[in-house]
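I have a structure I would like to understand better, so I am pasting it below and will then ask my questions one at a time.
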Amino acid sequence: LRSLTYLGLSSNILEGGIPTEIGLLNSLTQLDLWKNNFEGSIPTEIGLLTSLTFAYLSDNPNLAGRVPTELANLSNLTSLKLHTTQLTGSVPYNLCSTLEAATIDCDDEIECDCCRCTYGNNTFYCHTYCR
């Protein structure tokens, strides 16, 4: 599994926490966990996935806690989706440079300091028109 590059588990109604062992998937470039019932927080071990280019964790209404600061380690990240969760905090500012050509989708509980947000359909869509 350490050579796995894509983990796509969207729309499976999975429950429980995201396991900390996710950090062992060091070749992972795409993490697609949207539209499930994950609960608890995003494990800090996500910061070990330095090859990650996109992370879709949205539509997990029981995913809670603070956005991990370890996201700052993901220097290849181009797309991050965190809307429709109970997450709070902010997207690390240093991601602005890598997210310039991509989008951050978040909601009103998550600060997107590096982008301009527009509001529509009950979600803030933060696009990377970085300052």
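The values are calculated or read from the model by the stated rules, or taken from the named source; none is laboratory data. As the structure is a computational prediction, the values presented were derived from the model and not from experiment. A quick note on method: Cβ atoms are made from the backbone with ideal geometry, for glycine too, and the neighbour counts reach across all protein chains shown. Ligands, DNA and RNA are excluded from the accessible area calculation, which covers all protein heavy atoms including side chains. Shrake-Rupley method; radii C 1.70, N 1.55, O 1.52, S 1.80 Å.
Got at least one residue in segment 46-57 being in a helix (DSSP H, G or I), more than 18 Å from Glu109 (Cα to Cα) and at pLDDT below 90?
no
A follow-up question, please. On the basis of being over 11 Å from the mean Cα position of the chain (by Cα), at pLDDT 90 or above and not in a loop (DSSP other than H, G, I, E, B), does Gly65 make the cut?
For Gly65, the condition - over 11 Å from the mean Cα position of the chain (by Cα), at pLDDT 90 or above and not in a loop (DSSP other than H, G, I, E, B) - is met.
Just name the residue that is nearest to the chain's Cα centre (by Cα) out of those in segment 3-35 that are under 19 Å from Ser75 (Cβ atoms) and among the aliphatic types (A, V, I, L, M).
Per the stated criteria, the residue is Leu31.
So, Ser11, is that one part of a loop (DSSP other than H, G, I, E, B), open to solvent by 50 Å² or more (accessible area, probe 1.4 Å), small (Gly, Ala, Ser) and modelled with pLDDT of 95 or more or not?
So Ser11 fits the description; yes.
While we're here: If you go through segment 14-29 one residue at a time, how many are in contact with a strand residue (DSSP E or B) (Cβ under 8 Å, 6 or more places away or on another chain) and either open to solvent by 60 Å² or more (accessible area, probe 1.4 Å) or in a loop (DSSP other than H, G, I, E, B) (or both)?
The number of residues fulfilling the criteria is 7.
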